[in-house]
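**Student:** Here it is, the structure in full.
Each reported figure results from applying straightforward, stated rules to the coordinates on display, with no laboratory input. Just so you know, these numbers come straight off a predicted model, no measurement behind them. Neighbour counts are summed over all protein chains in view; Cβ atoms, including those assigned to glycine, are modelled from backbone coordinates with ideal geometry.
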Amino acid sequence: MSRLAMLGGEPAVPAGTPAPEWPVVTEAEHAAVAEVLRSGRFTCVAAGEQEIPALEREWAGRVGTAHCLAVANGTVALSLALCAAGVAAGDEVIVPALSFVGSALAVAHLGAVPVFADIDPVTFNLAPDALAAARSARTAAVLPVHLHGLPAEMDEICAFAGRHGLAVVEDAAQSHGVAYRGRVTGSIGDLGAFSLNASKNLPTCGEGGLVTTDDDRLAAQVGRMRQFGEDIPARGERPYLSRSIGWNAKLGVIQAAFTRRQLTRFDEVSGARDRAVRPFLDRVGALPGFSVPVCPEDREHGWHILRFRVCAEAFGLPREYAPALRAAVTRVLRGEGVPASRYQSVPLSEQPVFRDGGVAYRAMDVDVCRAVVDDSFVIQRAQLNPGTGALLRRFADAFEKLWANRDVLVAMARSSRTDTPVPSPAHTDPLAHTDRLGC
């Protein structure tokens with residue numbers, strides 16, 4: 001097993017090993033969907049429909065909020081939450097520079113301006129010390145993202161927002177049911193927004209979203225805006241009167257029924273995932289060439305995505321070789337059967353939609369974010385299934401084999417990087433912050 005698969009050795013994960021199933025679909029989901037089909041109640045306005053309101057009650061209870069509103073997807077959940085919080089065209093919203101592009105597009109959909117602030121190099125979340133420079137007279141809200149399932153520094157963020165009269169809308173698309181200092185993400189800011197995409201920790205059979213809040217007024221606004229600006233009575237005929245601007249952003253009944261059955265196993269699955277992931281990270285973290293995802297003692301981690309950074313200096317390379325080394329590591333791991341890939345290859349401010357697309361934005365100094373996207377790679381989905389402990393042990397075998405053959409990785413990185421390092425226009429050393437990781 002010491003010889004790399006790309007050099008003729010046996011892969012750490014045997015060829016033909018099936019990818020772990022996610023979401024895990026049981027007879028409970030099949031039966032729930034079949035019951036919706038038999039009932040003929042497919043939308044939230046169908047007489048007698050109970051799946052959607054039941055999901056809303058159950059998720060509000062799990063999160064610990066007074067209200068939950070089911071919507072069509074996670075991006076529209078963010079837009080509706082921001083709009084309800086008072087964000088309007090021309091306002092600015094502070095967004096971390098590292099996130100899925102939907103976090104920023106939700107702001108742009110309202111005609112507001114995302115302001116991209118730098119991240120912490122260890123947690124990958126919005127850095128509280130970046131907020132002051134990002135705020136302007138036009139700032140209306142902060143949008144912390146609980147990236148990869150790890151809660152952001154909500155106490156510091158909320159304190160800053162409170163001092164300056166800003167709304168806080170949590171992007172909790174990747175952090176379902178995760179606790180931060182005794183509270184669950186989605187219950188800490190003014191509003192929380194979740195995705196139910198089939199890839200998420202709490203999935204549906206397609207797309208869906210949830211908005212949570214303790215504020216009665218904000219909940220009423222979200223409920224109105226998801227349904228053409230109408231107030232839908234609990235009983236009686238629908239009046240078809242739009243009282244404000246609104247979207248058609250309702251969740252389907254089949255999607256709600258599917259997610260409710262997933263929710264019955266949610267805590268059991270989350271616990272099993274945690275027990276499988278932590279030993280894997282312990283083994284990889286013992287290798288000097290890699291930094292692994294962390295989980296501070298004051299919070300939980302949903303392990304939705306696992307991001308690893310390569311430490312070029314531990315491989316005996318200068319820091320500027322980190323992007324080439326990361327590319328080599330990813331290639332070799334995939335040869336070993338580990339589904340390593342990139343997730344967010346540029347800071348949000350460098351996405352073409354903003355850089356070249358004419359969509360208004362404002363970018364701060366995002367040196368740390370740029371360093372992270374240059375030297376990191378991820379594992380997605382493979383760890384979500386609760387029965388992946390044996391597979392993750394093989395993944396750890398692959399990392400250890402790679403480290404034992406690090407001379408091959410060094411040669412690959414050197415041969416693929418023949419250019420002269422060019423300093424980033426914003427700073428002199430694009431990886432200057434990696435020393436804060438001990439690399």
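**Student:** How about the range 1-67: which GluC sites (Glu not before Pro) there lie in a loop by DSSP and see at most 15 other Cβ atoms within 10 Å?
**Tutor:** Answer in residue order: GLU21.
**Student:** Suppose R0 equals 35 Å. What FRET efficiency, 1/(1 + (r/R0)^6) with r the Cβ-Cβ distance, do HIS164 and ALA66 give to the nearest 0.05?
**Tutor:** The pair HIS164/ALA66 has a calculated efficiency of 0.85.
**Student:** Whole-Hz Karplus ³J(HN,Hα) for the range 187-192, in order, using 6.51 cos²θ - 1.76 cosθ + 1.60 and θ = phi - 60°, x for Gly and Pro?
**Tutor:** Calculated HN-Hα couplings, in order: 10, 9, x, 5, 9, x Hz.
**Student:** Can you order the peptides 375-382, 171-178 by their average number of other Cβ atoms within 10 Å per residue, highest first?
**Tutor:** 171-178, 375-382
**Student:** Quick check on the chain: helices-only [θ] at 222 nm, where DSSP H runs of length 4 and up contribute -39,500 (n - 2.57) each and the sum goes over total residues. Nearest 500, please.
**Tutor:** Taken over the chain, the calculation gives -10500 deg cm²/dmol.
**Student:** Any idea what diffusion coefficient the range 9-130 gets from Stokes-Einstein, in µm²/s, Kirkwood Rh on alpha carbon pairs, 10 °C, 1.306 mPa s?
**Tutor:** Translational D for this selection: 85 µm²/s.
**Student:** In terms of modelled amide H atoms, which long-range or inter-chain residues lie less than 5 Å from the amide H of ALA340?
**Tutor:** HN-HN under 5 Å from ALA340: ARG334.
**Student:** Counting only DSSP beta bridges with both residues in the range 114-256, what percent are antiparallel, rounded to the nearest 5?
**Tutor:** For the range 114-256, the DSSP antiparallel bridge percentage is about 60.
**Student:** Using 0.36 nm times the number of residues separating SER415 and ASP215, minus their current alpha carbon distance, what extension gain do you get?
**Tutor:** Residue separation times 0.36 nm, minus the Cα-Cα distance, leaves 66.2 nm.
**Student:** Write out the chymotrypsin sites (Phe, Trp or Tyr not before Pro) in the range 192-258 meeting two conditions: DSSP loop, and at most 11 other Cβ atoms within 10 Å of their Cβ.
**Tutor:** Answer in residue order: TYR240.
**Student:** Something else now. Convex hull over the Cα atoms of the range 183-247, averaged projected area in nm²?
**Tutor:** 5.8 nm²
**Student:** Determine one quarter of the surface area of the Cα convex hull of the range 66-150, which equals its mean projected area, and express it in nm² to one decimal.
**Tutor:** Here the figure is 6.0 nm², rounded to one decimal.
**Student:** For ARG57 and ALA88, compute 0.36 nm times the residue count separating them, minus their Cα-Cα distance, and round to one decimal in nm.
**Tutor:** Length gained between ARG57 and ALA88: 8.2 nm.
**Student:** Report the label-to-label distance for ARG238 and THR17 in nanometres (one decimal), using points 7 Å from each Cα along the Cα→Cβ vector.
**Tutor:** 5.0 nm
**Student:** Give me the distance in nm between label points sitting 7 Å out from Cα along the Cα-to-Cβ direction at ARG381 and LEU37, one decimal.
**Tutor:** Reported label-point gap for ARG381 and LEU37 is 2.4 nm.
**Student:** Next up: If we count every other residue with Cβ under 13 angstrom of ARG381's Cβ, Lys/Arg +1 and Asp/Glu -1, where does the sum land?
**Tutor:** Once all neighbours under 13 Å are counted, the net charge is +1.
**Student:** So if the hydrodynamic radius of the range 161-206 is defined as the Kirkwood radius over C-alpha pairs, what does Stokes-Einstein give as its diffusion coefficient at 10 °C and 1.306 mPa s, in µm² per second?
**Tutor:** Stokes-Einstein gives a translational diffusion coefficient of 138 µm²/s.
**Student:** Given VAL332, PRO239, LEU80, which one lies farthest toward the positive end of the charge dipole of the chain, if we put +1 on the Cβ of every Lys and Arg and -1 on the Cβ of every Asp and Glu?
**Tutor:** VAL332
**Student:** On to the next question. Using the eigenvalues of the Cα gyration tensor, what equivalent ellipsoid semi-axes result for the chain when each is taken as the square root of five times the eigenvalue, whole Å, largest first?
**Tutor:** 39, 28, 17
**Student:** Let me ask something else about it. Taking only the alpha carbons of the range 318-421, what extent do you get along each of the three principal axes, in Å, biggest first?
**Tutor:** 47, 40, 19
**Student:** Then there is this: Can you give the net charge of the other residues whose Cβ lies under 11 Å from the Cβ of SER175, counting K and R as +1 and D and E as -1?
**Tutor:** Net charge in that neighbourhood comes out at -1.
**Student:** Could you size up the charge dipole of the chain around its Cα centre, putting +1 on the beta carbon of Lys and Arg and -1 on that of Asp and Glu, and report it in debye to the nearest 20?
**Tutor:** 760 debye
**Student:** Also, quick follow-up: Can you list the trypsin sites (Lys or Arg not before Pro) in the range 120-213 that are in a DSSP coil and have 14 or fewer other beta carbons within 10 angstrom?
**Tutor:** ARG138, ARG181
**Student:** Here is a follow-up. Considering every Cα-Cα pair within the range 202-312, what fraction, in whole percent, is farther apart than 23 Å?
**Tutor:** That fraction is 55 percent.
**Student:** Roughly speaking, what is the centre-to-centre gap between the range 276-327 and the range 355-373 when only Cα atoms are used, to the nearest Å?
**Tutor:** A separation of 24 Å, based on Cα centres.
**Student:** Sum up the charges of everything whose Cβ sits under 10 Å from the Cβ of ALA81, counting Lys and Arg as +1 and Asp and Glu as -1, but leave ALA81 out.
**Tutor:** Around ALA81, the charge tally is -3.
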